Amino acid sequence: MIDPTRSTAVHLLAQMSSGEVSAEEITRAYVDRAERLNPTLNVFLHRDVQKALDQAKAVDARRAAGDSLGPLAGIPVAIKDVLCTLGEPTTCGSRMLKSFRPPYDATVISKLRAADAVIVGKTNMDEFAMGSSTENSAYGPTRNPWDTTRIPGGSSGGSAVAVAADLAPISLGSDTGGSIRQPAALCGIVGLKPSYGRVSRYGLIAFASSLDQVGPFSHDLADTALLLGVIAGRDPMDSTSVDTPVPDYLGTLDTPPPSLRVGIVREYFGEGLDPEIEAAVREAVRVYEAAGATVREVSLPHSKYGGPAYYLVAPAECSSNLSRYDGTIFGHRAEDFSARTPEEESIPPLIRMMMASRAEGFGPEVKRRIMLGTFALSAGYADQYYNQALKVRRLIRNDFDNAFKDVDVLIGPTTPTAAFKLGEKTSDPLAMYLSDIYTITTNLAGIPGLSIPCGMTKSGLPIGLQLMAPAFAEETLLRTARVFEKATDWHSRRPGLS
Amino acid sequence: MSLSRDEVTQVALLARLRLEPEELETFTGQLNQIVEFVAQLQELDTHDIVPLAHGVEVRNVFREDLRGPSLPREAALANAPKRNSESFLVPAVLE
Amino acid sequence: MDYTIIIGLEVHVQLLTESKMFSACGTDFGLPPNTQTDPVSLGMPGTLPVMNRKAFDLALKTAVALGAEIAAFTKWDRKNYYYPDLPKNYQISQYDLPFSRGGSIPIPVRKDGGGSRVRLTRVHLEEDTGKLTHGTGGFSEVDLNRAGIPLLEIVTEPDIRTVADAKGCLEELRLTLRYLGVSDCEMQEGSLRCDANINLHIPHEGRTVATPIVEIKNLNSFRSVERALQYEAERQYEKWKRDGLTIHDAHKETRGWNDPEGVTKPQRQKETAADYRYFPEPDLVPVEVDEPWIARIRATIGELPTERRQRFESDFGLSAYDANVLVEQGEEVADYFDAVVKATGEAKLASNWIQQDVLRIAKETKVSLAEFPVGAEGLADLINRVKRKELNTNQGREVLAKMIETGEPVDAVIAAGGYGMVSDQGEIVAAIEAAIAANPKAMDDLKGGKKKPEAVKGFLRGQVMKQTGGKADPALVSELLDAKLAELIG
């Protein structure tokens, strides 16, 4: 038997249906590998091995009985711990939710279960999905499998490493400003942030509601297409999920797109971009040209305002979304909330309880963003900050609308640099924010963004190519990316973990 | 603009965050840095621009008025940090 | 006391929906704590709201009925504040673009006033909070059964000038909402809640000074609205006489009505100035309302109380007072009245019977009109017989009492009780003659002028009725008795 952990979901499905391998064997192999590597990588916050094996066995039994099976039958899937799983720990990487067990499943989880997927664990993340390195987890950082002294990116670092290190063939992350694409790039895998409204957010613990979106990680685009097909679609529990048909992403993946007009975003090649990354992206452009694409340079003139707009809109929404964590209905409550200063004496115990619980339950980055968002919405400042950011958001969206009049997809680097060292940027929030500089505008505009492997640095770190398409044009995005994937073998590189 | 420590203290109270003195110090510096960064937006003339507050601009999404089951009380209270047999408990709220 | 009271109301009304505003769990009152929740109404991490169409339609219906202008575009906003009865620590509400603006509430005419209209500032839709009760051991208990029930906020302009008008306005609003079927408006159960803003305009040294505005909360009955406003007006006047503080010297104050003590008391001031940090709710999408939608809603609105009073006055000739009594008790009573009038053609008679008998008995026996044993048809049948002089009024009352007691129709009660009016002139004249013969003293009194003629006649009429077993037509008895006495005395 070949090691199933060096495969992809699509291949594993084929092997299972031909009887080469059982679901139990697959799950067992991934679980064993996780057992071995998780202590080093710190991918999983919670695993229920027995439950996973039972799910796999049930799939085998049903297959043996000739029952019809779901599209992910027997495939292990790792889940970012931002998605609610009924009765199982869902911490969001926070001390605040250390003992929280949701009374319900997120819609994407229900869809995975209905597809007969095997949920192998909940993965580490930056606390409440705020961060770009997975160092903001209350449960310690996740490490990059290509170099364990480096960060894997974030906030979905755990789910990215789960796939990159083959602890699961596919996984789910969430992306508010690049939290799927950036770690995918830094870990050398494929990561897709779908269009806003493509995938239900019900059960996705909110960071910034108008930007958050759930999406897949995988080794190649076939698995991306497979997993997207399972999780996409209108959900009556999410008012912002859109009733647009879900195409057969996997079925059409290998058909080259009818039109291959590629735009290179001028503003993404300026100051701060690592030359090695620029070179890899320029090389990718040549690959497209060789494949017959029309390539032209396009401008997104308001790109430089993406960061400032994002760091107002996202914290503003986060300050409100996270106000529910106050030690009342769920989450951490401080044991000691007595007044420590004369000023605190004047604050009633109830409020002191809330303040102390939040002080203990949240880490510094979450506090910083709550503070920033509270400030941006507060009386006297809302117009200048929050409302101005919403208007700039419109300008950014208009930039994309204009660009897509002439091209089918936009390409550029996913990140300005490859994976940085653990601790390198933890004391400089602004520097950390800049690692999302190329990814946040797609969230502001609501369009889909995809990162695929497109090279390696000299020091052996992966580089990601970002592709963007108009809202709900995931099919075009995937088919266009597939042209590159077929012409190169970057996606088949695996880190040399023992 | 620049946020004073007193203003940051006020924001922390509004956000229900108890800050340690050293946190207050750090946050005041960092927030000022970030506020300076986001203040770049003031450069843009946006007076004719319609704000974009949503991820997708759809309208009129409703559910029908159909009653579903309630959670069993135990499930509703299961995550409560403090509770009795029927309610969530919080430090007394005095009117 | 020479001042004008300025009052505006802020009314919250729970809408009558099966499920909550944003999720499917129920909306019943009085259930054990925390047995009517779901992940959404608990504000659980990851949950999202989805708007209840019925709640929106009921809100539209209310606003249209109150003559408000319906916004073509409306959206939802988050109102952020920390309170344990608000599980998300933000309330989904409407800020700058409510679904309706304007409109008015008429204040019905009373003997001592009324007759004006109170303009509405706006009506908007929001979610209700849970309930907090003081527990033991330094804890308060949070019950989230109510959290997320659709709530309509109706804000009036400060147009009200008397305490009685404030009560009248609130009563008319309740009546209208009940007619519309959008809310049961039970103040005791909290499905109708009212806060009042009040201050005084006092003429002073040739100009008008305004006292600081006070918002009164905790008004749990119509009676407390009345008492609290009365108390507060007097308190503000006395306070002004003492300290002379005006609206320019003090912020708006929130006071709670303490019903047992009959006073308003200052409520604890918020620790931080209210800064609700409103912003558009990203989890809910805006709503666009077009004319066909409004027309569909308008078609579901029946006759409103004001229109009905007018019709009872103009079409049926009822006094304003009678029309109001029949309308203000709810649609059931007015419908009952309408049905009786339709079957008898006798509006005045129907009004009297319903007010003096049906409503009195229903009240005494504590039943609603729907449960009242005599339906509109039965009462109409009875009235028709009185009208045809088959029964006199007193007999009618007895028959009605028997109908209520036995549940039998008019015919059966009459047959069993031997009712029937004597309208035979000969029989009545004979009875009159017998009565005169049997009471010579009465005739002496009459002739001698010892007693007033009306008193003597009344006595003799009573004797005649007695002799006929109460069955004689009273009008005919009067007429024939007058004739007989005129004949005897000249």
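Where a number appears in this text, it was derived from the coordinates with a stated rule and is not lab data. Please read all numbers here as calculations on a predicted model, not as lab measurements. All Cβ positions, even for glycine, are placed from backbone atoms using ideal geometry, and neighbour counts span all protein chains on display.
Things to note:
- Kirkwood Rh in Å, taken over all unlike Cα pairs in the range C:170-307: 18.6
- For chain C, the residue among C:G190, C:A483, C:S314 whose Cα projects farthest onto the positive side of the dipole built from Cβ charges is C:A483.
- P(r) of chain C over all Cα-Cα pairs, binned every 10 Å from zero, in whole percent: 4, 15, 20, 20, 15, 10, 8, 5, 2, 0
- Alpha-carbon radius of gyration plus Dmax, which is the widest Cα pair, for the range A:389-453 in Å: 14.2, 42
- Long-range amide H partners of C:R122 with built H, under 5 Å: C:G102, C:V155
- Amide H within-cut-off set for C:C194, under 5 Å, with H built and near neighbours excluded: C:H12, C:L219
- A simple charge model with +1 on the Cβ of Lys and Arg, -1 on the Cβ of Asp and Glu and nothing else charged puts the dipole of the range C:4-293 at about 560 debye relative to its Cα centre.
- Residue range of chain A that is longest and free of trypsin sites (Lys or Arg not before Pro) which are both DSSP loop and sparsely packed (at most 13 other C-beta within 10 Å): A:1-339
- Radius 12 Å from Cβ of C:A472, net charge of other residues (Lys, Arg +1; Asp, Glu -1): 0
- Neighbour net charge for A:L434 - beta-carbon separation under 10 angstrom, K R +1, D E -1: -1
- Unsatisfied cross-links (Cα-Cα over 30 Å) in the set A:K98/C:K131; C:K167/C:K363; A:K122/C:K75: A:K122/C:K75
- Cα gyration tensor category, rounded, prolate or oblate, for the range C:425-489 with a/c compared to 1.5: prolate
- Per-residue shielding of A:391-400, expressed as the average number of other chain Cβ atoms within 10 Å of the residue Cβ, stands at 4.
- Working note: Debye formula, equal point scatterers on the alpha-carbon atoms of the range C:4-293, no solvent; log10 I(q)/I(0) at q = 0.08, 0.11 Å⁻¹ is -0.36, -0.70.
- Evaluated on chain A, the Kirkwood hydrodynamic radius is 22.6 Å, with distances taken between all distinct Cα atoms.
- Computed over the range B:23-93, Kirkwood Rh from alpha-carbon pairs, angstrom: 18.9
- Per residue, the Cα convex hull of the range C:13-140 amounts to 170 Å³.
- Principal-axis tilt of helix C:425-438 within chain C, Cα atoms, nearest 10 degrees: 80
- Spacing of the two label points (7 Å from each Cα toward its C-beta) at C:V263 and C:F459, in nm: 6.2
- Residue-span extension gain [C:E189 to C:L31] - 0.36 nm each, minus C-alpha spacing: 55.7 nm
- Quotient of the Cα radius of gyration of the range A:400-498 and 2.2 N^0.38 Å, N being its number of residues: 1.22.
- Stokes-Einstein diffusion coefficient of the range A:242-321, Kirkwood radius over Cα pairs, 25 °C, 0.890 mPa s, in µm²/s: 151
- Computed 3J(HN,Hα) for the range A:335-348, one whole-Hz value per residue from the Karplus formula 6.51 cos²θ - 1.76 cosθ + 1.60 where θ = phi - 60°, is 6, 10, 10, 5, 5, 9, 9, x, 5, 5, 4, 7, 8, x, glycine and proline marked x.
- Counted residue by residue at 0.36 nm each, then reduced by the alpha carbon distance between them, the extension gain from C:L488 to C:K348 reaches 46.6 nm.
- Sequence-distant residues sharing a close amide H with A:V77 (under 5 Å, placed H): A:V118, A:I119, A:V120
- For the range A:3-53, the extents of the C-alpha atoms along the principal axes are 34, 21, 14 Å, listed from largest to smallest.
- Ellipticity estimate at 222 nm from DSSP helix runs (n ≥ 4, -39,500 (n - 2.57)) divided over chain C, nearest 500: -12500 deg cm²/dmol
- The range A:101-202: translational diffusion in µm²/s, Stokes-Einstein, Kirkwood Rh over Cα pairs, 10 °C, 1.306 mPa s: 115
- For the residues of A:209-220, the average number of beta carbons from a partner chain within 10 Å of their own beta carbon is 2.
- At R0 = 30 Å, FRET efficiency that the Cβ-Cβ distance of A:Q384 and C:E215 yields, to 0.05: 0.50
- When each of the peptides C:251-260, C:50-59 is scored by the mean number of other C-beta atoms lying within 10 Å of its residues, the order from highest to lowest reads C:50-59, C:251-260.
- Local electrostatic count, C:N52, Cβ distance below 12 Å [Lys/Arg +1, Asp/Glu -1]: 0
- Solvent-free Debye scattering, log10 I(q)/I(0), computed from the Cα coordinates of the range A:305-388 at q = 0.22, 0.24 Å⁻¹: -1.00, -1.08
- Among the DSSP helices (H) of chain A, those spanning at least 18 angstrom by Cα along their long axis with an average Kyte-Doolittle hydropathy of -1.0 or more are A:23-41, A:49-64, A:275-290, A:306-321, A:364-377, A:388-403, A:474-487; this is a geometric and hydropathy rule only.
- Dipole check for chain A: with +1 at the C-beta of Lys and Arg, -1 at the C-beta of Asp and Glu, and the Cα centre as origin, the magnitude is about 180 Debye.
- Across the range C:303-417, counting alpha-carbon atoms alone, Rg and Dmax equal 13.7, 43 Å.
- All lysines inside 17 Å of C:K451 as judged from Cα atoms, apart from same-chain residues fewer than 8 positions distant: C:K441
- Kirkwood-Stokes translational diffusion coefficient of the protein assembly as shown, alpha-carbon pairs, 37 °C, 0.692 mPa s, µm²/s: 98
- Theoretical FRET efficiency, 1/(1+(r/R0)^6), r = Cβ-Cβ of C:R207 and C:R117, R0 41 Å, to 0.05: 0.90
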